[in-house]
1. If I go through the range 151-209 residue by residue, how many of them are out of contact with any helix residue (DSSP H, G or I) (no Cβ under 7 Å at 6 or more places or on another chain), open to solvent by 50 Å² or more (accessible area, probe 1.4 Å) and among the charged types (D, E, K, R)?
2. Could you list, in sequence order, the residues of the range 95-123 that are under 17 Å from Ile162 (Cα atoms), surrounded by fewer than 18 Cβ atoms within 10 Å (Cβ to Cβ) and either at pLDDT below 95 or among the charged types (D, E, K, R) (or both)?
3. In the range 166-177, is there at least one residue being modelled with pLDDT of 95 or more, β-branched (Val, Ile, Thr) and over 15 Å from Glu68 (Cα atoms)?
4. Checking Ala90 against (1) aliphatic (A, V, I, L, M); (2) in contact with a helix residue (DSSP H, G or I) (Cβ under 9 Å, 6 or more places away or on another chain); (3) modelled with pLDDT of 95 or more: exactly one of these is not met. Which one?
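The values are calculated or read from the model by the stated rules, or taken from the named source; none is laboratory data. This one's a predicted model, so the numbers in the text were calculated from it and none came from an experiment. Here the Cβ positions follow ideal geometry from the backbone for every residue, glycine too, while neighbour counts run over all protein chains shown. The protein model used for the area step is the full one, side chains on, heavy atoms only, and it has no ligands, DNA or RNA in it. Shrake-Rupley method; radii C 1.70, N 1.55, O 1.52, S 1.80 Å.
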Amino acid sequence: MHLPPVTVYRSSTGLVAQRGEDLFGLSAAHLDDLFGQEEPGAWLREQMTTAQPMLAPASWLPPIESQEVWAAGVTYLRSRDARIDESKDAGGGTFYDRVYAAERPEIFFKATPHRVVGAGGGVRLRSDSRWNVPEPEVALAINRQGRIFGYSIGNDMSSRDIEGENPLYLPQAKVYSACCGLGPGIVVREPLPPSSHIRIQILRRGQPVFSGATALDQMKRTFPELAAFLYRDNDFPAGSFLLTGTGIVPPNDFTLESEDEIQISVEGLGTLVNRVV
């Protein structure tokens, strides 16, 4: 049975569920409760039967509680080509070509909850990097049993010069304070259609300096495949998020600057806006 999407937000007063244009307060529920359910969608619909209508707060918190954030790399051909190009002088180019074609995907740890910022929040640039870019991605919300039940928008901030210098520096290029944007909420829905588009626009002093788009059907791997590898021989008592890779890479002469505004839109999920601080 096809069910309408429900978006779950986190606010200072508790969880908020949106169905259509209507908002409902779920003040007694927590995101950890949602991720812990075997059937998160059914649990959410039950919670909404007694929820009270409410007005939207001034801002949303990041839609994460105790979950870890992981990420998959080189899932799009464009990403493979960019990784090869940035690491060619270090002799690491063949690693990315091989992982793109391999059965096993690249999966790496991205962020703990305190390193994640929500809609309107400020992402950071590493102080020891000169080449920083955002990576617009679909984020999978996966319950503790390993089932994908929802989707969000991810901004996987990346220091390309650090990763390009040596692939072993990947954790430093990816994991640092305010390295991940996530939100605005979690859309609990049927699987996203392969034709769904991902778009990014970066504004500098109010003017666009980069824009790009791709679609999910450009991915080499499927969402269930990536989730299955993440949960293989691993457990996530509070569930997890998995960023699924980027198919949009700015040109090599582009790097983010302080005060840039990053707008990432995904069909069916909305728009995540972060600024660089």
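1. Residues that pass the stated criteria total 4.
2. Phe95
3. No, the range 166-177 contains no residue that is modelled with pLDDT of 95 or more, β-branched (Val, Ile, Thr) and over 15 Å from Glu68 (Cα atoms).
4. All conditions pass for Ala90, except number (3).
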